[in-house]
Amino acid sequence: MRKFLVILDDSRECLNAMRFAAMRAAHTGGGVTILSVIPPEEFQHWIGVADIMREEARERIVVHFEVFAKWMRDRQGIDPELVIREGEPVPEILAQIREDADIGVLVLGAGTEKSGPGPLVSQLARASGSLPVPVTIVPGDLSKEKLEAIT
């Protein structure tokens, strides 16, 4: 089964990427893997403090994931998988794609700020010629109706 890999982070554009991935998966008989990457700079403390912070970050991710997962199950009939990795986002995204042969498309949300589409979109767009899967970039300000129409 082909899976759509979508990135869970704190950005506003993440919402449209989640919606797009779930709707495409539902319409094509695919699945969704939701990846959240915990950057290493969050744990530059003493070992005991770093362990507590790491656990708190994982708990926040799971709570955030459950909101999206409930919507995907209830509205799209998709039961997403959550993967949490630690490290720098782009290398961890690429590692996940390499390790899961079922991932067929990477779905990213593009920011709407004047500063650009966001760091993930910018970094992965530069490497897009050598990526092992296609990348779909979903505009952050696309309406729900437009998303439904194109998926």
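The values are calculated or read from the model by the stated rules, or taken from the named source; none is laboratory data. Just so it is clear, the structure is predicted and the values come from calculations on it, not from any experiment. Neighbour counts are summed over all protein chains in view; Cβ atoms, including those assigned to glycine, are modelled from backbone coordinates with ideal geometry.
What to note about this one:
- Of the residues making up segment 84-121, those that are modelled with pLDDT of 95 or more, farther than 24 Å from residue 24 by Cα and of a type in the set (Gly, Ala, Ser) number 0.
Residue by residue, here is whether (1) touching a Pro at 6+ places or on another chain (Cβ under 9 Å); (2) surrounded by 15 or more Cβ atoms within 10 Å (Cβ to Cβ) holds:
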{"position": "115", "(1), (2)": "no, no"}
{"position": "121", "(1), (2)": "no, yes"}
{"position": "124", "(1), (2)": "no, yes"}
{"position": "129", "(1), (2)": "no, no"}
{"position": "137", "(1), (2)": "yes, yes"}
{"position": "140", "(1), (2)": "yes, yes"}
{"position": "144", "(1), (2)": "no, no"}
{"position": "151", "(1), (2)": "no, yes"}
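- All of 26, 50 fail the test of being modelled with pLDDT of 85 or more, out of contact with any His (no Cβ under 6 Å at 6 or more places or on another chain) and part of a helix (DSSP H, G or I), apart from 26.
- Cβ-Cβ distances below 6 Å connect the following pairs, each with a first residue in segment 122-141 that is at pLDDT 80 or above, a second residue that is of a type in the set (S, T, N, Q), and a separation of six or more residues or different chains: 135/128; 138/16; 140/16; 140/112; 141/112.
- Selection count, segment 21-34, where residues are surrounded by fewer than 24 Cβ atoms within 10 Å (Cβ to Cβ) and either of a type outside the set (Val, Ile, Thr) or over 14 Å from residue 68 (Cβ atoms) (or both): 8
- Take the conditions (1) under 22 Å from residue 102 (Cα atoms); (2) of a type outside the set (Phe, Trp, Tyr); (3) modelled with pLDDT of 95 or more; residue 61 misses just one of them, which is (1).
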